[in-house]
Amino acid sequence: MANTIAEFEPVNMLVRKADLPVAKRLVGKSVKLITTALDDLWIRDTGPVFVTKQQLTILRSATDAAGRRLKVHVLRAPSRVRSQFDSDDFAAGYIGFYACNGAVISQHFGDRQADRTAKATQQEPKA
């Protein structure tokens with residue numbers, strides 16, 4: 001994913017010194033690797049979050065700084081996934097997409113209809 005994002009914008013990635021050789025092999029020269037001690041980095045600090053039904057209701061009635069209602073889209077989870085990921089422990093969903101300069105990078109799971117719908121929703125032009 002880091003290499004794909006780097007096609008659109010600069011990427012800096014934190015990496016432990018011991019993991020640097022592996023990271024260099026995986027990301028190549030398009031990603032700037034910064035060695036540092038990592039012992040307290042949570043995905044909640046840098047990754048996607050989920051929204052409850054109550055929060056969704058609040059978002060749908062919220063406005064931006066100019067008073068315009070927010071446009072909220074719910075991306076439905078796929079009904080099936082590729083066989084290599086099919087397990088009770090795998091939670092498929094499109095919440096992990098990343099919007100960067102000139103692109104939206106998103107998962108696809110092999111459920112053609114759900115993947116197409118999520119892509120179309122993410123590509124919808126601004127009003």
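Inspection of the range 89-109 finds no residue satisfying the criterion of being at pLDDT below 90, farther than 23 Å from Ala2 by Cα, surrounded by 12 or more Cβ atoms within 10 Å (Cβ to Cβ) and in contact with a helix residue (DSSP H, G or I) (Cβ under 8 Å, 6 or more places away or on another chain). Please enumerate the residues belonging to the range 33-67 that are over 23 Å from Ala77 (Cα atoms), at pLDDT 85 or above and not aliphatic (A, V, I, L, M). Hits for the range 33-67 are Thr35, Thr36, Ser61, Thr63, Asp64, Gly67. Annotation note: Cβ proximity below 9 Å between a residue of the range 65-80 that is over 12 Å from Thr117 (Cα atoms) and a residue that is among the basic types (Lys, Arg) and outside any loop (DSSP other than H, G, I, E, B) (sequence gap 6+ or interchain) occurs for Arg69/Arg60; Leu70/Arg60; Val72/Arg60. The conditions of being closer than 21 Å to Asn12 by Cα, surrounded by 14 or more Cβ atoms within 10 Å (Cβ to Cβ), of a type outside the set (Asp, Glu) and modelled with pLDDT of 80 or more are not met by Ser30.
Being within 28 Å of Asn12 (Cβ to Cβ) and in a loop (DSSP other than H, G, I, E, B) is the filter here, so list the residues in the range 76-123 that pass it. Lay out the reasoning, then the answer.
Going through the range 76-123, the residues within 28 Å of Asn12 (Cβ to Cβ) turn out to be 93-108, 118-119, 122-123.
Those that are within 28 Å of Asn12 (Cβ to Cβ) and in a loop (DSSP other than H, G, I, E, B): Gly93, Tyr94, Ile95, Gly96, Phe97, Asn101, Gly102, Ser106, Gln107, His108.
Within the range 7-14, one or more residues are under 30 Å from Gln113 (Cβ atoms) and at pLDDT 90 or above. Could you give every pair whose Cβ atoms fall below 9 Å, whose first residue belongs to the range 81-99 and is under 30 Å from Glu124 (Cβ atoms) and of a type in the set (A, V, I, L, M), and whose second residue is at pLDDT 85 or above and assigned to a strand (DSSP E or B), counting only separations of at least 6 or pairs across chains? Close Cβ pairs (under 9 Å, with a partner that is at pLDDT 85 or above and assigned to a strand (DSSP E or B)) amount to Ala99/Ile105.
Screening the candidates Gln55, Gln84 for the property of being over 16 Å from the mean Cα position of the chain (by Cα) and within 23 Å of Thr4 (Cα to Cα) yields one hit, Gln84.
For first residues located in the range 31-58 and of a type in the set (Gly, Ala, Ser), partners that are modelled with pLDDT of 85 or more and lie 6+ apart or on another chain with Cβ distances below 9 Å form the pairs Ala37/Arg16; Ala37/Lys17.
The values are calculated or read from the model by the stated rules, or taken from the named source; none is laboratory data. Everything numeric in this text was worked out from a predicted model, so none of it was measured. Cβ: placed from backbone, ideal geometry, glycine included. Neighbour counts: every protein chain shown.
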